[in-house]
Amino acid sequence: MKKLSTILAVIAVVSLASCKKDYTCECKSTPSDSFYDYSTTFHAKKADAKTACDVLDYTTSNGTSTVTVNCEIK
């Protein structure tokens, strides 16, 4: 009976660890400009949310200035 309880406990922990959760991706600009700062939420596994968040990184330039936006999971 103890073995069965232990196995069920391990399965429960593994199942909960792989559940989808809400992860917030915060994007901040350099130089700081609130127009480019934002956040978004992904309902996914942590690795998938991180991948989606990393895709949001970018650099833009209007000829006179350059803004870099870096995003990370919080």
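With the requirement that a residue be hydroxyl-bearing (Ser, Thr, Tyr) and either at pLDDT below 95 or out of contact with any strand residue (DSSP E or B) (no Cβ under 9 Å at 6 or more places or on another chain) (or both), what does segment 16-28 give you?
The one that is hydroxyl-bearing (Ser, Thr, Tyr) and either at pLDDT below 95 or out of contact with any strand residue (DSSP E or B) (no Cβ under 9 Å at 6 or more places or on another chain) (or both): SER18.
Residue-by-condition table, conditions (1) assigned to a strand (DSSP E or B); (2) surrounded by 12 or more Cβ atoms within 10 Å (Cβ to Cβ); (3) in contact with a helix residue (DSSP H, G or I) (Cβ under 6 Å, 6 or more places away or on another chain); (4) at pLDDT 95 or above:
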{"residue": "LYS3", "(1), (2), (3), (4)": "no, no, no, no"}
{"residue": "PHE35", "(1), (2), (3), (4)": "no, no, no, no"}
{"residue": "ALA49", "(1), (2), (3), (4)": "no, yes, no, yes"}
{"residue": "THR60", "(1), (2), (3), (4)": "yes, no, no, no"}
{"residue": "GLU72", "(1), (2), (3), (4)": "yes, yes, no, yes"}
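The values are calculated or read from the model by the stated rules, or taken from the named source; none is laboratory data. Owing to the predicted nature of the structure, the values given are computational and were not obtained by experimental measurement. Don't worry about glycine lacking a Cβ; one is built from the backbone with ideal geometry, like all the others, and counts go over all protein chains shown.
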